[in-house]
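Trainee: Below: one structure in structure tokens.
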Amino acid sequence: QIGELLKSLNPSAVDVEIASLCRDAVDEAGLALLGRFISWLKARLSTHTDFEVVQAYMHRFLKVHSEVIAGNGDLKEQAGELAEAQREAGRHVRELLQQNLCLIK
């Protein structure tokens, strides 16, 4: 449902939605939303679908909320797991590209 909502919005509306997840480091509800969004990003990466759009969401999310994430131990740990999920998804995409290149040759 998060993905469908974000896909239905124009880029500036996506930016507003991502930015409004959390106001600051003392926004408890916002911190919980950041954790849920990180979990959603990890789940999307593990499905190996929508790689490019997930990368765009992740880039904007981290640009907007990096200071809050860096200052919160739980979110920092989740961000590390997200980085690993991103590496794995990137490996998968590279493997697919390599397979396609081999077919073309």
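Trainee: Quick one: what pairs do we get from region 76-96, first residue among the β-branched types (Val, Ile, Thr), second in a helix (DSSP H, G or I) and surrounded by 13 or more Cβ atoms within 10 Å (Cβ to Cβ), C-beta under 8 Å, 6+ apart or different chains?
Mentor: Final answer for the pair search is VAL93/PHE51.
Trainee: Still on this structure, please answer the following. Does ALA32 fit the bill of being small (Gly, Ala, Ser) and either under 13 Å from ILE2 (Cβ atoms) or in contact (Cβ under 8 Å) with a residue 12 or more places away in the chain (or both)? So that I can check it myself, show each step before the final result.
Mentor: On the way: small (Gly, Ala, Ser): yes; either under 13 Å from ILE2 (Cβ atoms) or in contact (Cβ under 8 Å) with a residue 12 or more places away in the chain (or both): no.
The answer is no for ALA32.
Trainee: Considering only region 14-55, state which residues are farther than 23 Å from GLY90 by Cβ, in a loop (DSSP other than H, G, I, E, B) and open to solvent by 60 Å² or more (accessible area, probe 1.4 Å).
Mentor: Selection gives SER20, ARG23, ASP24, ALA25, VAL26.
Trainee: Continuing with this model, one more query. How many residues are touching a helix residue (DSSP H, G or I) at 6+ places or on another chain (Cβ under 8 Å) and more than 12 Å from LEU82 (Cα to Cα) if we restrict to region 35-60?
Mentor: The qualifying residues number 6.
Trainee: State which residue is farthest from GLU4 (Cα to Cα) when the search covers only region 56-91 and only residues that are polar (S, T, N, Q) and buried (at least 16 other Cβ atoms within 10 Å of the Cβ). Before the answer, list the steps.
Mentor: Here is the first cut: in region 56-91, the residues polar (S, T, N, Q) are 66, 72, 78, 86.
Next, only the ones that are buried (at least 16 other Cβ atoms within 10 Å of the Cβ) stay: 72, 78, 86.
Working: ASN72: 29, GLN78: 23, GLN86: 20 Å.
That would be ASN72.
Trainee: Continuing with the same structure: Only residues that are small (Gly, Ala, Ser) and assigned to a helix (DSSP H, G or I): list them for region 60-81, please. Walk me through how you get there before you give the answer.
Mentor: Step one: of region 60-81, the residues small (Gly, Ala, Ser) are 66, 70-71, 73, 79-80.
Of everything in region 60-81, those that are small (Gly, Ala, Ser) and assigned to a helix (DSSP H, G or I) turn out to be SER66, ALA70, GLY73, ALA79, GLY80.
Trainee: Now for a separate question. So if I check each of VAL16, VAL26, which one is modelled with pLDDT under 95 and out of contact with any strand residue (DSSP E or B) (no Cβ under 7 Å at 6 or more places or on another chain)?
Mentor: Numbers: VAL16 fails: modelled with pLDDT under 95.
Within the list VAL16, VAL26, the selection yields VAL26.
Trainee: Do you know which residues across region 62-105 are basic (Lys, Arg) and under 21 Å from ALA29 (Cα atoms)?
Mentor: Kept after step one, since they are basic (Lys, Arg), are these residues of region 62-105: 63, 76, 87, 91, 94, 105.
Those that are basic (Lys, Arg) and under 21 Å from ALA29 (Cα atoms): LYS63, LYS76.
Trainee: Checking ASN100 against (1) modelled with pLDDT of 95 or more; (2) open to solvent by 50 Å² or more (accessible area, probe 1.4 Å): exactly one of these is not met. Which one?
Mentor: Checking ASN100 against (1) modelled with pLDDT of 95 or more; (2) open to solvent by 50 Å² or more (accessible area, probe 1.4 Å), the one that fails is (1).
The values are calculated or read from the model by the stated rules, or taken from the named source; none is laboratory data. In this text, all values refer to a predicted model and were calculated from it rather than measured experimentally. So basically every Cβ, Gly included, is an ideal-geometry build from the backbone, and we count neighbours across all protein chains shown. The protein model used for the area step is the full one, side chains on, heavy atoms only, and it has no ligands, DNA or RNA in it. Shrake-Rupley method; radii C 1.70, N 1.55, O 1.52, S 1.80 Å.
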